[in-house]
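The values are calculated or read from the model by the stated rules, or taken from the named source; none is laboratory data. Worth saying up front: this structure is predicted, and the values here are computed from it rather than measured. So basically every Cβ, Gly included, is an ideal-geometry build from the backbone, and we count neighbours across all protein chains shown. In case anyone asks, the SASA skips ligands and DNA or RNA and just uses the protein heavy atoms, side chains included. Shrake-Rupley method; radii C 1.70, N 1.55, O 1.52, S 1.80 Å.
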Amino acid sequence: MSSECTSNLLNSPSSRQITSRSVKQSLRPVTIGQIMKAEEYDKTLLIDEEEVSQIKLIANVCSVGVNASCTTYILGDGTGTIKAKEWHADDESAFKERIMVNTYVQIFGNLKATETERYVSIFQTRPVTDYNELTHHYLEVLSVHLSITRGSLPPPQQALPSSSFSGQSETSSLSYLPYGMYSNNVPILNNDEGFVSPLHKEIRRLVRQWANTRNGLGESDDGMEINELVLRLQSTYGRDTVRDGVQWLINEGHLYTTMDEEHVRITE
Amino acid sequence: MDVITPRVNYGLLSRYKGRKVRLVGRVIQVHILTLKAEESTIAETSHTVVVEACDKGQVSVRLRQPSNFTTYVEFVGRVNTDLSINEFVFTNFGDTFDLDLHNKVVEYWQRFPDIFPTEELP
């Protein structure tokens, strides 16, 4: 990620008021059509009258262009096309080659709106290998849209979580129920974090604490080193389990990598 | 511009004649015509594949060139008046894919234009 993105995340007023701006800070699954139709208000985009910044997208790669500082993708998902930029770390070129034209990718990123265009600033890309994910993504987008515009459905037999997705406001937690249900395959317990696994909770707690300490000292936060997490947690959980836990949280969008693959920050 | 390519099943093809669409199907038959060298000039539309769409209807797809397919394939192409499709690109979806669930997406595509626009923006 570029220093521009990093400083935006840290210094924007919204990230200092995470509790009050939780909706904006949540990770919303969207279609490209929704982005293109979104209303723009003071450089932020509104979908279903909610601010949207961090998004999750699954789309086909129409083209890939690489230059020294970033890779630019044109993505299409049938509802439109959009540009997405991924800023390079120093030695990322080998990693980039995984993304091929005319394959599907999952993108986590920040939505950007300028006067002339809308594009996605990518945190992470991942090739889609099971195409049921595509079906799931569209249904999840629809489910989130409906729960925002019409309220959520009454819970099915399974105990639906009344707690929020990572301790956020009720509105955003409702939007993410299907997401949480899907990724854990078990109902989320009504606890402080909305995470079942003590390891996942512990990792998130440490990463958040790391960022808070850094911010408190006025130092820049480049993300917490994964090795640091392993060191602190391996006595309880074992080295490989901790690494797997971190990877799971990254894959599910609860953490994202920053300056390289070894530093992570929490998705709030 | 063809930026918007609605996801369709067999039943929706008649609504999108002349338009570019996306169709996921299970490959049933592949007809690859092998022609002798002197005949190759007429090979233009000789390669077709028949797929079962997610609503069980069968669709004939004319290929640009012979290709290797997995069980499930997504085709992007233009709908002809005879409801066949002229392929532009395809993506292999592998050998496990839930077509019935995908049909739900196709149905919802027609009902929620805010999420799944089917007409190009002005």
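Residues of segment A:111-130 being assigned to a strand (DSSP E or B) and more than 13 Å from A:I82 (Cβ to Cβ), which ones? Working first, answer last.
Filtering segment A:111-130 down to residues assigned to a strand (DSSP E or B) leaves A:111-113, A:118-127.
The answer is A:F123, A:Q124, A:T125, A:R126, A:P127.
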Exercise. Keeping to segment A:126-143, report how many residues are among the charged types (D, E, K, R) and without any contact (Cβ under 8 Å) to a residue 60 or more places away in the chain.
Key: 1
Quiz prompt | Matching residues, segment A:197-239, being in contact (Cβ under 8 Å) with a residue 40 or more places away in the chain and at positive phi | solution = A:G223
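Can you tell me which residue is farthest from the chain's Cα centre (by Cα) among those in segment B:70-89 that are within 14 Å of another protein chain (Cβ to nearest Cβ) and crowded, with 19+ Cβ neighbours inside 10 Å?
Let us first name the residues in segment B:70-89 that are within 14 Å of another protein chain (Cβ to nearest Cβ), namely B:70-77, B:87-89.
Subset that is crowded, with 19+ Cβ neighbours inside 10 Å: B:72-77, B:87.
Details: B:Y72: 11, B:V73: 8, B:E74: 6, B:F75: 4, B:V76: 5, B:G77: 6, B:E87: 7 Å.
That would be B:Y72.
From the residues in segment B:1-28 that are in contact with a Lys or Arg (Cβ under 6 Å, 6 or more places away or on another chain) and in a loop (DSSP other than H, G, I, E, B), which one is farthest from the other protein chains (Cβ to nearest Cβ)?
We begin by selecting, within segment B:1-28, every residue in contact with a Lys or Arg (Cβ under 6 Å, 6 or more places away or on another chain); these are B:2, B:5, B:7, B:20, B:22.
Imposing the further condition that a residue be in a loop (DSSP other than H, G, I, E, B) reduces the set to B:2, B:5.
Details: B:D2: 10, B:T5: 5 Å.
Here the residue is B:D2.
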Quiz item: B:S40 is checked against (1) at pLDDT below 95; (2) open to solvent by 80 Å² or more (accessible area, probe 1.4 Å) and fails just one. What number does that condition carry?
Solution: (2)
Quiz item: Among the residues of segment B:91-122, which ones are open to solvent by 40 Å² or more (accessible area, probe 1.4 Å) and facing chain A (nearest Cβ under 8 Å)?
Solution: B:T96, B:D98, B:L101, B:K104, B:Y108, B:D114, B:L121
Quiz prompt | Criterion violated by B:L35 - all others in (1) surrounded by 13 or more Cβ atoms within 10 Å (Cβ to Cβ); (2) at pLDDT below 95; (3) in a loop (DSSP other than H, G, I, E, B) satisfied | solution = (1)
Practice problem: Go through (1) open to solvent by 10 Å² or more (accessible area, probe 1.4 Å); (2) of a type in the set (G, A, S); (3) over 22 Å from A:I55 (Cβ atoms); (4) assigned to a helix (DSSP H, G or I) and name the single condition A:S220 misses. | Solution: (4)
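Could you check segment A:225-252 and list, in sequence order, the residues that are surrounded by fewer than 20 Cβ atoms within 10 Å (Cβ to Cβ) and touching a strand residue (DSSP E or B) at 6+ places or on another chain (Cβ under 8 Å)? Break it down stepwise before answering.
So in segment A:225-252, the residues surrounded by fewer than 20 Cβ atoms within 10 Å (Cβ to Cβ) come out as A:225, A:227-228, A:230-232, A:234-241, A:243-244, A:247-248, A:251-252.
Once the filter is applied, which keeps residues that are surrounded by fewer than 20 Cβ atoms within 10 Å (Cβ to Cβ) and touching a strand residue (DSSP E or B) at 6+ places or on another chain (Cβ under 8 Å), segment A:225-252 yields A:E225, A:N251.
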